[in-house]
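Nothing in this text is a laboratory measurement; each read-out follows from the coordinates by a stated rule. Just so you know, these numbers come straight off a predicted model, no measurement behind them.
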Amino acid sequence: MRPLVTCLALLLGLACPALARDLPARDTLYQVSTLDALLAGVYAGALDLSELPRHGDLGLGTFEGLDGEMVVVDGRVYQALADGSAREARVGRTPFAQVTFFEPDLRLAGLDAAGLDGLCQALDRALPSPNVFYALRVRGRFDLVKVRSVPAQARPYPPLAEAVQAQQVHEWRDAEGDLVGFYSPAAARGDGVPGWHLHFITADRTRGGHVLALSGAGLTAELDLTPALALLLPDTDDFHNADLSGKRDEELHRAESDPAGKKE
């Protein structure tokens with residue numbers, strides 16, 4: 001296990017290539033914008049998709065206009081659309097994304113998950129510390145995966161808690177694929193989702209979305225301790241003019257919740 005090194009790099013704006021080159025090359029969570037900005041409806045593209053693989057080969061996010069859910073796996077960027085289908089996305093921009101170079105430090109085999117909460121609790125118990133970031137990849141066959149995706153939004157962009165009211169939910173049984181995402185510590189509240197934020201894509205890369213529920217047995221999870229954060233704040237009018245004051249815990253709960261009423 002690599003030492004728990006505290007390293008927080010805040011890169012203000014996107015015109016900082018020299019600073020970016022000085023960051024730790026591998027153990028960095030590279031993040032575009034903040035969760036609070038996304039909750040506030042800042043969906044204008046801030047970074048070209050072609051730039052993401054330079055900073056990580058695994059991750060998640062969304063697309064300009066909130067047009068679907070992003071899954072980054074094996075260095076490829078996939079777009080899970082509102083109809084549940086997924087496709088590789090090579091052009092376009094992202095308003096929010098998180099990627100890292102995935103190099104597992106910890107492997108957990110034989111995990112049984114009757115639900116998403118159960119899986120997250122098992123992962124929580126295995127973390128060496130709750131106060132740093134971790135990247136996660138679970139590959140295998142799931143008894144159930146329930147996901148959502150949101151259709152593209154039109155200006156003026158609504159807050160995320162309103163936009164997800166139009167989300168489309170898809171449920172698949174006996175689904176083989178990749179569960180990817182990040183654990184963010186409580187100290188990262190506002191920048192990312194405290195706790196686990198997970199997306200899914202099938203093994204054939206044709207279906208996917210933001211995970212609302214799942215179950216499975218005998219799962220194997222790989223975790224990558226990621227102690228450095230590179231946070232790029234968008235150089236866009238939408239971001240500069242957004243009201244990002246105040247806490248958005250209730251908005252986050254509504255945006256992340258299962259529409260059936262239970263937050264998995």
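Tell me, rounded to the nearest percent, the portion of alpha carbon pairs in the range 7-256 spaced more than 32 Å apart.
The share of Cα pairs beyond 32 Å in the range 7-256 comes to 13 percent.
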How big is the gap, in Å, between the Cα center of the range 203-230 and the Cα center of the range 103-148? 7
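Any chance you could run the full-extension gain for SER85 through GLU176? It's 0.36 nm times the residue separation minus the Cα-Cα distance, nm to one decimal.
Between SER85 and GLU176, full extension yields an extra 31.3 nm.
Given the range 7-256, what percent of its DSSP beta bridges are antiparallel, to the nearest 5? Intermediate results must be reported in sequence, preceding the final value.
Details: 65 of 77 bridges.
Among the beta bridges of the range 7-256, antiparallel pairing accounts for roughly 85 percent.
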